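Beneath this line is the structure, given in structure tokens, with notes to follow.
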Amino acid sequence: MSEGQRFQLGTIGALSLSVVSSVSIVICNKALISSLGFTFATTLTSWHLLVTFCSLHVALWMKLFEHKPFDPRAVMGFGILNGISIGLLNLSLGFNSVGFYQMTKLAIIPCTVLLETIFFRKQFSRSIQFSLAILLVGVGIATVTDLQLNVLGSVMSLLAVITTCVAQIMTNTIQKKFKVSSTQLLYQSCPYQAMTLFIVGPFLDGLLTNQNVFAFKYTPQVLFFIVLSCLISVSVNFSTFLVIGKTSPVTYQVLGHLKTCLVLAFGYVLLHDPFSWRNILGILIAVVGMVLYSYCCTLDSQQKANEAATQLPQVKESESDPLISVEKGTGIINEGVAKAPVWNSNKDLHA
């Protein structure tokens, strides 16, 4: 099996793991939050990250992966930024209507494309832009309900979009710049993300729910779902870093909208949530957009591979010429956490 085929299989595996684990944790957390009344999403996310770090530490002790330290300032800044973005997403949902929150999530894709185009000179073909537009229209039809604006909520949403885009671009950039795997990056950044959310989580959850997480009655059933949610979160966090590292932040956001459509479908089938023809139409349009996006990305990848193959003989010829001296440097290609479940007691819960 060639290296390209192994990479494609690894990418498909990462995408599948991300979808399965995210849908699973949504179902688990919907039962925890909607049915059992545990609405402390930010604090729960900090527990997710702590369990993820402990699991990775055990994996490191078993030598399942190699610890590769790199710039501690980059790790700290990245981890804190991830934690802040999760907190801002929670605030965005808490201070806005569900419809406006969905618009905030839709804005992440064009914002990511814009940032990568401006700062990384990354080019997106017209076919990819067209497929993303179809996807956004479909998800908007399926999920956006009411749009109620307020100044504070709008500011929170804007900050949430910016920090989320930057954090996801950094995930891809750091892995390529320092040549670290998704597991190595997740292991080093987890403590900073968990510490940030563990400090602000109880205050933020208290602000949104008017309840105290430490005064909540933890029944055996609640504890069971909390433990189950934390265990599934290990797979969610790992697959998030894995997908962004193997693909791009834009692809990860497209995958996130696929999860949204699947969650709507599972909610209707398993939990008997309200469902309308508008939801069905939106999901079908979104699926068409996702298929087109995947097809266009495949065509672009094949085109780049063919261009690289035609340039390779020229490079080898120039290297074989003794009159040409080539100074080898370290080239860095910047191509550009997950988000954890965001609180909404009744309508919407995303991994």
Close pairs (7 angstrom Cβ cut-off, 6 or more residues apart or separate chains): more than 10 Å from G79 (Cα to Cα) in the stretch 177-189, at pLDDT below 90 and surrounded by 21 or more Cβ atoms within 10 Å (Cβ to Cβ) anywhere: S182/F238; S182/F241; S182/L242; S182/G245; T183/F238
Candidate set: the stretch 193-246, residues that are over 29 Å from M156 (Cα atoms) and aliphatic (A, V, I, L, M); chosen: the one nearest to the chain's Cα centre (by Cα): L231
Subset tally (residues that are surrounded by 14 or more Cβ atoms within 10 Å (Cβ to Cβ) and in a loop (DSSP other than H, G, I, E, B)) for the stretch 38-70: 6
The listed residue being open to solvent by 10 Å² or more (accessible area, probe 1.4 Å), of a type outside the set (A, V, I, L, M, F, W, C) and over 20 Å from the mean Cα position of the chain (by Cα), out of S16, S24, S34: S34
Options Q188, Q211, Q193; residue that is touching a Pro at 6+ places or on another chain (Cβ under 9 Å) and either open to solvent by 40 Å² or more (accessible area, probe 1.4 Å) or assigned to a helix (DSSP H, G or I) (or both): Q188
Looking only at the stretch 126-143, and only at residues there that are hydroxyl-bearing (S, T, Y) and at pLDDT 85 or above, the one that is most open to solvent (accessible area, probe 1.4 Å): S127
Pair list, Cβ < 8 Å and 6+ apart or interchain, from the stretch 240-262 residues that are within 15 Å of C165 (Cβ to Cβ) to residues that are among the acidic types (D, E) and open to solvent by 10 Å² or more (accessible area, probe 1.4 Å): S248/E335
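The values are calculated or read from the model by the stated rules, or taken from the named source; none is laboratory data. Keep in mind that what you see is a predicted model, and the values were worked out from it rather than measured. Neighbour counts are summed over all protein chains in view; Cβ atoms, including those assigned to glycine, are modelled from backbone coordinates with ideal geometry. Remember, those area values only see protein heavy atoms, side chains included, never the ligands or the DNA or RNA. Shrake-Rupley method; radii C 1.70, N 1.55, O 1.52, S 1.80 Å.
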